[in-house]
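*Asks:* My structure is below; once you've seen it, I'll send some questions.
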Amino acid sequence: MENYALNNHAEVIGIVSDEPKISHEIYGEKFYVFTLEIPRLSGTSDNVRVMVSDRLLTDQDLKIGDVVEVDGQFRSYNSYENGDNRLVLTVFAKDLKLAEEDAEKNPNLLFLNGYICKEPVYRTTPFGREITDLLLAVNRSYNKSDYIPVIAWGRNARYCKNINVGDNVKVWGRIQSRVYQKHISEDEVIEKTAYEVSVNRMEMV
C-alpha cells in the first residue's frame, strides 16, 4: 500500500507576518491560515500561506513576528471567487512549533514524488536563462491529488523539456512566491501572487 505522506514533504521556517484567520471547519476541527515570510539566501523573502488545525494551536498563541518551524505538505485546492476559479497553494501543517534560535537549518525544503500532467513548456528569458514550466500531480489519500506548478532552470530546464506527460519524477527544491501584475481592464491593473516550486534536483522514477 502506498504511503502518500512520503510523496510530499515540506519543511519551512519563517516569520509569521499576519494574524491566523479562520479558513474552514470540518467535523468540529477548525483550520486557520496565515502567511509565513521565509528568507532566501539573496536577502529577499518568499511569502507562503500556511494552513494549520486549531489542535496544533492549542498550546501556543501565534503572534506576528514569531519565528516558527512548520513540517507538513505542499497542497493545492480550487477556490471559486467572483466566478473566477483559481488554484490555491498552501503548506498544510502536520506539526508546528516555535523555531530554535540557534538551529542552523535550511529554511525552505520540499520533496515531491508525482506525475507530469501537462506538456512541459520550455523558454528562455531576455537574459538568456533557460526555464521549463511543469505541472506535477502528487497523489494524496482518499483518491485526491495536489497539482503543483514546478519551474526548472538551466541544465534542469534542458532535461525537463524532453520528459512526457505521465512520467513519474521526484523533485527536490523550495517553495517560492512571485508577485506579478494582471490587467483586468485597459486602465486597471491588480497585483497578484503566484506560487511555484523551484527545482534544485530532479530524477526520473
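*Asks:* Between residue 170 and residue 184, what length comes free when the chain is fully extended (0.36 nm per residue of separation minus the Cα-Cα distance, one decimal in nm)?
*Replies:* Working it through step by step, the gained length comes to 1.4 nm.
*Asks:* Using only helices, what value at 222 nm comes out for the chain when you add -39,500 (n - 2.57) per DSSP H run of length 4 or more and divide by the total residues, to the nearest 500 deg cm²/dmol?
*Replies:* Taking each H run of at least 4 residues, the total per residue is -1000 deg cm²/dmol.
*Asks:* So what J values fall out for region 120-125 if you push phi through Karplus, 6.51 cos²θ - 1.76 cosθ + 1.60 with θ = phi - 60°, rounded to Hz, Gly and Pro as x?
*Replies:* Result, ordered by residue: x, 10, 9, 7, 10, 7 Hz.
*Asks:* Here's another thing I want to ask about it. Could you order the peptides 21-28, 188-195 from most to least packed, using the average number of other C-beta atoms within 10 Å per residue?
*Replies:* Highest to lowest by the protection proxy: 188-195, 21-28.
*Asks:* Report, for the chain, the % of DSSP beta bridges that are antiparallel, rounded to 5.
*Replies:* Counting only bridges with both partners in the chain, antiparallel ones make up about 95 percent.
*Asks:* Also: Mind checking the full-extension length gain between residue 79 and residue 27? Use 0.36 nm per residue of separation minus the Cα-Cα distance, one decimal, nm.
*Replies:* 16.7 nm
*Asks:* While we're looking at this one, here's another question. By the gyration tensor of its Cα atoms, with a ≥ b ≥ c the square roots of the eigenvalues, what is the shape of region 1-95: rounded for a/c under 1.5, prolate for a/b over b/c, or oblate?
*Replies:* rounded
*Asks:* Then there's this: Net charge near residue 118: determine it from the other residues with C-beta under 12 Å of the C-beta of residue 118, scoring Lys and Arg +1 and Asp and Glu -1.
*Replies:* Summing Lys/Arg as +1 and Asp/Glu as -1 gives -3.
*Asks:* As a test of the definition: which semi-axes, in Å, follow for the chain when you take the square root of five times each eigenvalue of its alpha carbon gyration tensor? Largest first, please.
*Replies:* 27, 21, 19
*Asks:* So the label point goes 7 Å from the Cα of residue 66 along Cα→C-beta, right? Which residues of region 84-116 then have their backbone N under 19 Å from it?
*Replies:* Residues 91-103 fall inside that zone.
*Asks:* Normalised by the number of residues in the chain, what is the relative contact order in percent for Cα pairs under 8 Å and 6+ residues apart?
*Replies:* About 18 percent, as a whole number.
*Asks:* Students often check this: by mean Cβ neighbours within 10 Å, which of 175-185, 38-48 ranks highest, and how do the rest follow?
*Replies:* So the peptides 175-185, 38-48, ranked by packing, come out 38-48, 175-185.
*Asks:* Next question, about the same structure. What pairs from 94/144; 30/63; 118/144; 30/182; 63/97; 21/182 go past 24 Å between their alpha carbons?
*Replies:* In this structure, 30/182; 21/182 lie more than 24 Å apart at Cα.
Where a number appears in this text, it was derived from the coordinates with a stated rule and is not lab data. Predicted model only: the values in this text are computed from it and were never measured. Positions of Cβ are backbone-derived with ideal geometry, glycine not excepted, and every protein chain shown enters the neighbour counts.
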